[in-house]
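Working notes, structure below.
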């Protein structure tokens with residue numbers, strides 16, 4: 001479908017789940033990530049009903065030279081908007097020229113100006129230049145990545161001695177059992193620990209079907225790692241793989257067993273196994289800029305960090321500040337909700353928050 005036309009560029013829209021050009025393009029593009037993959041897009045569609053689309057400057061039947069993937073999110077609760085990309089830590093624009101990028105940005109703006117969408121939110125890794133000042137920063141995160149080109153010994157030496165290295169040795173002394181895979185049993189164990197962790201922070205957990213759909217879409221590219229102490233799950237993590245990168249997406253622990261070092265132990269095993277598979281990097285995902293504890297933990301794993309700024313058009317306004325205050329009140333109410341209530345809230349809420 002042709003979306004917009006200018007003398008210098010024509011922008012088209014395609015369905016990445018049915019147009020085979022998208023898979024080929026993503027696999028070949030150096031800036032592509034797990035979040036561009038059809039595996040991720042299919043899980044979003046099958047769980048939350050978001051239909052993924054791509055804006056590009058290549059005519060139907062021609063090889064793709066650009067692509068910006070997004071979803072239209074329609075919600076009676078949080079409004080109707082364009083997100084690139086829901087529940088994704090980052091989503092780089094796969095464009096090679098300024099002309100391609102600017103043509104697609106104009107089409108995004110057109111969704112708001114002529115089709116009535118509330119706003120467009122983009123989640124690029126690279127900073128957008130000031131020529132596109134219509135898009136303004138709306139949220140700031142830190143992204144941490146471990147370069148796997150170094151030797152295992154060098155990577156281990158970069159770990160903080162007290163907070164990471166010693167905890168890994170403690171886990172080994174305690175003989176924590178270790179399992180890795182994507183079986184239904186492992187997924188169930190992970191989710192129980194995940195719900196426990198989310199409830200500890202008074203946050204509703206994602207619905208179980210989300211993780212089932214991720215497992216169905218990614219197959220062996222999804223790995224659950226579980227550390228247990230005398231048969232009791234102590235820590236678990238879920239990673240996704242695409243191309244030459246492993247992505248740490250979710251982690252959880254039993255707080256009563258944290259002293260055993262289960263999570264540092266799992267990160268070390270995941271890093272070693274990623275190196276064995278000859279992957280090039282281990283993406284630790286995003287952290288809220290004000291989450292000092294999580295940022296410090298990732299720093300102590302020896303990861304390099306970079307600032308990621310989400311961009312929005314039109315710029316955030318007074319109405320959104322009021323909405324943020326309302327969300328703060330909602331978080332206060334969640335503090336008094338039992339686990340069953342938080343799970344119900346999670347199933348109802350996540351399709352609306354993207």
Of the residues 120, 112, only one is outside the structural domain of residue 304 (by TED's automatic domain parsing), in contact with a helix residue (DSSP H, G or I) (Cβ under 9 Å, 6 or more places away or on another chain) and touching a residue at least 40 places away in the same chain (Cβ under 8 Å); which?
120
Selection count where residues are more than 23 Å from residue 153 (Cα to Cα) and surrounded by fewer than 17 Cβ atoms within 10 Å (Cβ to Cβ), scope the range 250-293:
10
Out of (1) touching a residue at least 12 places away in the same chain (Cβ under 8 Å); (2) under 30 Å from residue 220 (Cβ atoms), the one residue 30 does not meet is (1)
From the options 219, 243, residue that is surrounded by fewer than 22 Cβ atoms within 10 Å (Cβ to Cβ), within 23 Å of residue 88 (Cβ to Cβ) and at pLDDT below 95:
243
Just to check your reading of the model, which residue among 201, 218 is touching a strand residue (DSSP E or B) at 6+ places or on another chain (Cβ under 8 Å), farther than 18 Å from residue 261 by Cβ and assigned by TED's automatic domain parsing to the domain that holds residue 266?
218
For the structure I just gave you, tell me whether residue 157 is surrounded by fewer than 13 Cβ atoms within 10 Å (Cβ to Cβ) and not in a loop (DSSP other than H, G, I, E, B).
yes
Expected output for the range 281-293 (first residue at positive phi, partner assigned to a strand (DSSP E or B), Cβ below 6 Å, 6+ apart or cross-chain) is 285/248
Of all residues in the range 39-71, which are touching a residue at least 60 places away in the same chain (Cβ under 8 Å) and either in a helix (DSSP H, G or I) or within 22 Å of residue 245 (Cα to Cα) (or both)?
39, 40, 42, 43, 46, 47, 48
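Take the conditions outside any loop (DSSP other than H, G, I, E, B), in the same structural domain as residue 180 (by TED's automatic domain parsing) and over 26 Å from residue 181 (Cα atoms) and apply them to residue 305. Does it pass?
Yes: the conditions hold for residue 305.
The values are calculated or read from the model by the stated rules, or taken from the named source; none is laboratory data. A quick note: this is a predicted structure, and the numbers were derived from the prediction, not measured. Heads up, the Cβs are rebuilt from the backbone with ideal geometry, glycines too, and the neighbour counts pull from every protein chain shown.
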